[in-house]
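Worksheet for the structure shown next.
The values are calculated or read from the model by the stated rules, or taken from the named source; none is laboratory data. Please read these numbers as outputs of a predicted model, since none were measured by experiment. Heads up, the Cβs are rebuilt from the backbone with ideal geometry, glycines too, and the neighbour counts pull from every protein chain shown. We work out accessible area using only protein heavy atoms, side chains counted, and drop any ligands, DNA or RNA first. Shrake-Rupley method; radii C 1.70, N 1.55, O 1.52, S 1.80 Å.
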Amino acid sequence: MVSVRRVVAPVLLLMMAATSAYGQRQSSQPPRELHRVGDHWTAYNPPDPASYPAGARTHEIKAGDTLWALAKTYYNDPYLWPQLWESNTWITDAHWIYPGDVLLVEGEAGAVAASAEAGESGALSAVTPRSDESSVFATEDQDTGLAVARMSVDSRPTALGTESDIYCYGYIGDPNEPMPNFISSHENLDVKYVLRADPEMPAHATVGDLVYVTGGPGTGLVAGETYLIVEPTELVTHPVTGRTMGRQYDYIGQVRVLCTEDTRSRAMVVQACREIPIGSRLKPVPQLPIPIARIPDPRGWCDAPSGKTSGYIVESREWELGLVEGNLVQIDLGRDDAVQPGDFLTVTRPSDRSDQPEIILGQIGVLTTESRTATAIVLQARREMFIGDKVELR
């Protein structure tokens, strides 16, 4: 499995990127000790490009390049920039890259580029098995006629989700998590007028709308920064133990703060997952790179349980008719349980018959983690999954 480093967002060569669709980050100090390598100056000890594998795909850094932009160019998804960094570990500070240094692009992350052609970021097209690369979960052996309960999936490194899966879903958190900043009103209610709309209907915001935000520098808002728009919803109860897990917080968009006053700020909606109601809360955009990994074969019918950490599916916004491939779920395991983005879990359910073992339903991959919960995506589903089904680390 390809490891994923949690890192700060990409920056321009020798300066921070001024804007991006998903926010800004604080700049680090540039390295002070530069030395000459060939015909250019650098802070690093890059490998000789001649030492890269024959036929490897490389890129010589030019003035103005960023890992963010290069990931967009080579992998079709700027959010895969941490994976580009993973392929070039001689870069010790991703804030600073230098013209003349040569990046290895065709590392494990580079394999994603070939499959990143469809969908929002192209990731889900690689998650769904294709007839030319894999068999279905339970097939019939042509020689014996016996059912073979295993799916063989593509072994290439694959982005496990999309930008929408990461930044338009949410998490289970502290029921009373402090979020003092919230959208209080629109810049001009006349702008929100809709012909024949019910005048009592609450106004909502979408991309490009100007809004007022309650809060200012004293509550942590910084002009020029981008913030997630969060909607607190219902308390989540564990489906098995009955204990309160926390509150569901939905990510519904993002705003960029344009200017601040003592207790009020002005902002623009720059991304919307759906209509954004007045009262929605703000929080800093977390650093959530999309995990990339080789998806293992699901646990086979004759395979024993791993015996590793286990838990349950405790919540999903998409479960009414059962959860299938591509649906997102939340589980009761997180960082405190040594669960990390890029991990895989088998999903099972007790059999209706007492003389039979548990039913193997499929497999999920972890996208993001909180301390005691995680958001995951259904990668393969032999049968529909439901809240309350058991999960076990592979």
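With (1) within 30 Å of Gln363 (Cα to Cα); (2) open to solvent by 10 Å² or more (accessible area, probe 1.4 Å); (3) assigned to a loop (DSSP other than H, G, I, E, B) as the list, and Gly224 as the residue in question, which single condition is left unmet? With respect to (1) within 30 Å of Gln363 (Cα to Cα); (2) open to solvent by 10 Å² or more (accessible area, probe 1.4 Å); (3) assigned to a loop (DSSP other than H, G, I, E, B), Gly224 is out only on (1).
Note on the stretch 290-328: among residues that are closer than 22 Å to Thr162 by Cα, in a loop (DSSP other than H, G, I, E, B) and among the charged types (D, E, K, R), the one that is most open to solvent (accessible area, probe 1.4 Å) is Arg317.
Restricting to the stretch 327-371, name every residue that is among the small types (Gly, Ala, Ser), under 17 Å from Arg382 (Cα atoms) and over 16 Å from the mean Cα position of the chain (by Cα).
Residues satisfying the conditions are Ser351, Gly362.
Output the residues belonging to the stretch 347-385 that are within 17 Å of Ser310 (Cα to Cα), in contact with a strand residue (DSSP E or B) (Cβ under 7 Å, 6 or more places away or on another chain) and outside any strand (DSSP E or B). Hits for the stretch 347-385 are Glu358, Glu370, Thr373.
Counting only residues that are open to solvent by 20 Å² or more (accessible area, probe 1.4 Å), closer than 18 Å to Thr162 by Cβ and not in a helix (DSSP H, G or I), the stretch 61-82 holds 1 of them.
Looking at the stretch 220-227, is at least one residue free of Cβ contacts under 8 Å to residues at least 40 places away in the same chain and within 23 Å of Val314 (Cα to Cα)? Within the stretch 220-227, not a single residue is free of Cβ contacts under 8 Å to residues at least 40 places away in the same chain and within 23 Å of Val314 (Cα to Cα).
Could you list all residues from the stretch 249-284 that are in a loop (DSSP other than H, G, I, E, B), closer than 15 Å to Pro180 by Cα and of a type outside the set (Asp, Glu)? The answer is Thr263, Ile278, Gly279, Ser280. Scanning the stretch 79-104 for residues that are free of Cβ contacts under 8 Å to residues at least 60 places away in the same chain and of a type outside the set (S, T, N, Q) turns up Leu84, Trp90, Ile91, Val102, Leu103, Leu104.
Applying the criterion of being among the hydrophobic types (A, V, I, L, M, F, W, C) and touching a Ser or Thr at 6+ places or on another chain (Cβ under 7 Å) to the residues of the stretch 353-387, the residue that is nearest to Gly300 (Cα to Cα) is Ile360.
Scanning the stretch 329-338 for residues that are closer than 18 Å to Tyr169 by Cβ and surrounded by fewer than 23 Cβ atoms within 10 Å (Cβ to Cβ) turns up Gly334, Arg335.
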